[in-house]
Amino acid sequence: MSLAATEQRTIPLLDLKAQHQTIRDEILAGITRVIDSQHFVLGEEVSRLEAEIAAYCRVKHAIGCASGSDALLLALMALGIGPGDKVLTTPYTFFATIGAICRVGATPVFADVEPDTFNLDVTRAAEALAKHREIRAIIPVHLFGACADMDAFASPLAKRGVFVIEDAAQAIGAEYKGRRAGCIGDAGCLSFFPSKNLGAFGDAGMITTNDEDLATKLKILRVHGARRKYYHQLVGLNSRLDAIQAVVLRTKLRHLDAWTERRQQNADTYRQMIRQFDVPVIVPFEKPYQNRHIYNQFVILAQRRDELRAYLAEQGIGTEVYYPVPMHLQQCFSNLGYHSGDFPISERLANESLALPIYPELAQEDIEYTCRAMEKFYS
């Protein structure tokens, strides 16, 4: 099959309409149940979702909140991170990771990432920890659905009293040496933004933890710092999970493992066809410890990335760049004193990374069409 002889397709980066058609009746039944109950914030549906997510992530506690961004913020607040503290993380991540650190008054400290996993480089992180003794927490990001090397962080840092917060916004169900993302550190932060593998019908988030006291504090902080109405123990915020989002997520959770399997199959097909057509792009492979990659995104590294992306758009293929500007070069963080060249791997990834469609309903013919389009571009 040559691209020239193939009718042009329209392949979006993500097709949520296709997903919705398969579960529409289940979703509407759940939403109707909430409407009939007239209980829209927290309540029984949220409690059930929290129990189901805790079981899925293999943790003792899961605390629902308004967004993945708030999950990060609440975790930092509950752990007492604030002004005068430093928090180590990666510059190659979504803004929310760094924004939460700044919102509690702490200072972000960056360490570069590994080129083959996109996650925090263990050696660089160790160097930063040795240099900055004020670091009180580290946020490894499980980027694109694959876990960071958690053993290098969790055990050694506990001895120093440094908290570990897993940014698992893109990684629900991902596994590190058989352990689920969100159950390894002091707290894990999940996002249920609609484009995530487990996506709500709006913003929603969750914090996971095995710490009983931390779970109790998080439940207080998400409702304005009150254990009971009008009696405030802490200065919290309004970050409650809506019941309608809970029933949507409970419905989708029942299908999540099947969707993950389809994403994994699609990733294998991409690798096979990229090799078969000899497409000159780099496809990162999982490390042995990443024994369950859930492929929130399928990201390649491509020379002439922006030209390739424009060409694929002409062929009807949706793509996205995650992320075009690493955090240390964002204008709002210029006060941190970082410069271009400080984190060369992150900067290289920002210039070369390209996400291809990977959603569960994607047909094999669509993957072949995409790979042949890339082959034609480079030939």
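Every number in this text was worked out from the coordinates using simple rules, so none of it is lab data. All of these numbers come straight from a predicted model, not from anything done at the bench. Cβ: placed from backbone, ideal geometry, glycine included. Neighbour counts: every protein chain shown.
Some points to look at:
- Maximal additional length on extending the ASP306-LEU13 stretch stands at 103.9 nm, based on 0.36 nm per residue less the C-alpha distance.
- Charge dipole (debye, nearest 20) of the chain; +1 at Cβ of Lys and Arg, -1 at Cβ of Asp and Glu: 1040
- Taking all pairs of distinct alpha-carbon atoms in segment 163-214, Kirkwood radius in angstrom: 11.3
- Taking every Cα-Cα distance in segment 234-379 and sorting them into 5 Å bins from zero, the calculated P(r) comes out as 2, 8, 14, 16, 15, 13, 12, 11, 6, 2, 1, 0, 0 percent.
- The length gained on full extension between ILE35 and VAL283, counted as 0.36 nm times the residue separation minus their Cα-Cα distance, comes to 84.7 nm.
- Dividing the alpha-carbon radius of gyration of the chain by the rule-of-thumb value 2.2 N^0.38 Å gives 1.00.
- Counting only residues at least eight positions apart within a chain, or on another chain, the aspartates and glutamates with an alpha carbon under 15 Å from that of LYS86 are GLU127, GLU134.
- Size descriptors for segment 76-190: radius of gyration and Dmax over Cα atoms are 12.6, 36 Å.
- Cα gyration tensor category, rounded, prolate or oblate, for segment 1-80 with a/c compared to 1.5: oblate
- Likely footprinting exposure, SER67, SER340, fewest C-beta neighbours within 10 Å first: SER340, SER67
- Subtracting the Cα-Cα distance of ASP116 and LEU336 from 0.36 nm times their residue separation leaves 76.5 nm of extension gain.
- Within-12-Å neighbourhood charge of ASP112 [Cβ basis; K, R +1; D, E -1]: -3
- Net charge contributed by nearby residues that have their C-beta within less than 12 Å of GLY185 (K/R +1, D/E -1): -3
- This ranking places LEU253, LEU88 by how few other beta-carbon atoms lie within 10 Å of each, fewest first, which gives LEU253, LEU88.
- Kirkwood analysis of segment 337-379, using all unique Cα-Cα pairs, places the hydrodynamic radius at 13.1 Å.
- All aspartates and glutamates inside 18 Å of LYS131 as judged from Cα atoms, apart from same-chain residues fewer than 8 positions distant: ASP85, ASP112, ASP121, ASP342
- Placing unit charges on each Cβ (+1 for Lys and Arg, -1 for Asp and Glu) gives segment 129-210 a dipole about its Cα centre, and among ILE138, ILE172, ASN197 the Cα reaching farthest toward its positive end belongs to ILE138.
- In segment 217-302, one over the average inverse separation of all distinct C-alpha pairs is 17.0 Å, which is the Kirkwood hydrodynamic radius.
- Dimensions (Å) - segment 160-318, Cα atoms, principal axes, largest first: 64, 38, 31
- Diffusion coefficient (Stokes-Einstein, Kirkwood radius over C-alpha pairs, 37 °C, 0.692 mPa s) for segment 25-140: 197 µm²/s, rounded to a whole number.
- Net charge of the neighbourhood of ILE53, taken over other residues with C-beta under 11 Å away and scored Lys/Arg +1, Asp/Glu -1, is +2.
- Over the residues of the chain, the helix contribution to mean residue ellipticity at 222 nm works out to -12500 deg cm²/dmol, using -39500 (n - 2.57) for each DSSP H run of at least 4.
- Distance distribution note for segment 78-127: the fraction of Cα pairs above 16 angstrom is 42%.
- For LYS177, the lysines whose Cα comes closer than 26 Å to its Cα, not counting residues fewer than 8 places off in the same chain, are LYS60, LYS159, LYS196, LYS252, LYS287.
- For segment 265-311, the extents of the C-alpha atoms along the principal axes are 34, 21, 16 Å, listed from largest to smallest.
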